[in-house]
Amino acid sequence: MRIRPSALVSMAAAPIALAVLVGCSEGTETAAPKLPERTCFGVFSRSDLGPLVGNGEEVKESGPADMELTAARRTSTCSVDVDGRGRFLASATRQPLEQSFFWNAELIKPAADTLPMGDKGIVYDTGARVLLICKGSQDTFQVELSLSGSTDQVEKGGSRPLFTRLMKKFVEAGKQQTRCGV
């Protein structure tokens, strides 16, 4: 059996091409992990949180299915980790009206902006907070909704608009799920 010279060249080039391809892929990061379709109390979509999760192999969401709060269950927290690193955190906390949530906005650098949602709100580079005063027929209380996340993957100047969009969804869902004003 006679082997053509062009076949010898192709067989010799294949290992070299493979070595070049392997060498190129060693320094690259893995693709973004696949988030569930709905995340954190069913509020956020995959595309909502995509800018915060970044690259990695394994995504893990922890937290309850909803953020329903009662006098006995006063806090509900959801976290999204990628490769063991925290990338996003959403929480809802309930307390009586006579207690107050303490936000020391002066310590936030650069300074927080007012967020016109709920009864009081702020947005800053790594998150947002909103206070809801809930006056229902049977119960009166307040709820703090808080979002924070890793902004390493977010375009410069894009984190506050991103957290504002996320908080708008969170406030809408929070009012329903915490039974605020019911």
Environment charge of ILE133, counting only residues whose C-beta is closer than 15 Å and scoring Lys/Arg +1, Asp/Glu -1: +2
Which shape class applies to the stretch 91-152: rounded if a/c is under 1.5, otherwise prolate when a/b exceeds b/c and oblate if not, where a ≥ b ≥ c are the square roots of the Cα gyration tensor eigenvalues? prolate
Among the lysines, select those whose C-alpha is under 30 Å from the C-alpha of LYS135, and discard any that sit fewer than 8 residues away in the same chain. LYS120, LYS168, LYS169, LYS175
Simple spin-label estimate for ARG46/ARG165, 7 Å along Cα→Cβ, in nm, reads 1.7
Just flag the chymotrypsin sites (Phe, Trp or Tyr not before Pro) in the stretch 62-142 sitting in loop per DSSP whose Cβ has no more than 11 other Cβ atoms within 10 Å. PHE102
Quick one: net charge around SER148, please, counting Lys, Arg +1 and Asp, Glu -1 for every other residue with C-beta under 11 Å from its C-beta. +1
Label SER137 and GLU68 with points 7 Å out from Cα along Cα→Cβ: what is the distance between them in nm? 1.8
Overall form of the stretch 55-182 per C-alpha gyration tensor (a/c, 1.5; a/b vs b/c): oblate
Could you name the lysines whose alpha carbon sits less than 16 Å from that of LYS60, not counting residues in the same chain fewer than 8 places away? LYS34
Quantify how much of the Cα-Cα distance distribution of the stretch 48-102 extends past 12 Å, in percent. 69
Taking H placed 1.01 Å from N in the peptide plane, check which residues at least 5 places from ARG87 or on another chain put their amide H under 5 Å from its amide H. VAL80, ASP81, VAL82
Report the net charge of residues surrounding ALA92, where surrounding means a beta-carbon distance below 12 angstrom and charges are Lys +1, Arg +1, Asp -1, Glu -1. +3
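Every read-out reported here was derived from the displayed coordinates using simple, explicitly stated rules and does not represent laboratory data. What you see is a predicted model; the values in this text were computed from it and never measured. Neighbour counts are summed over all protein chains in view; Cβ atoms, including those assigned to glycine, are modelled from backbone coordinates with ideal geometry.
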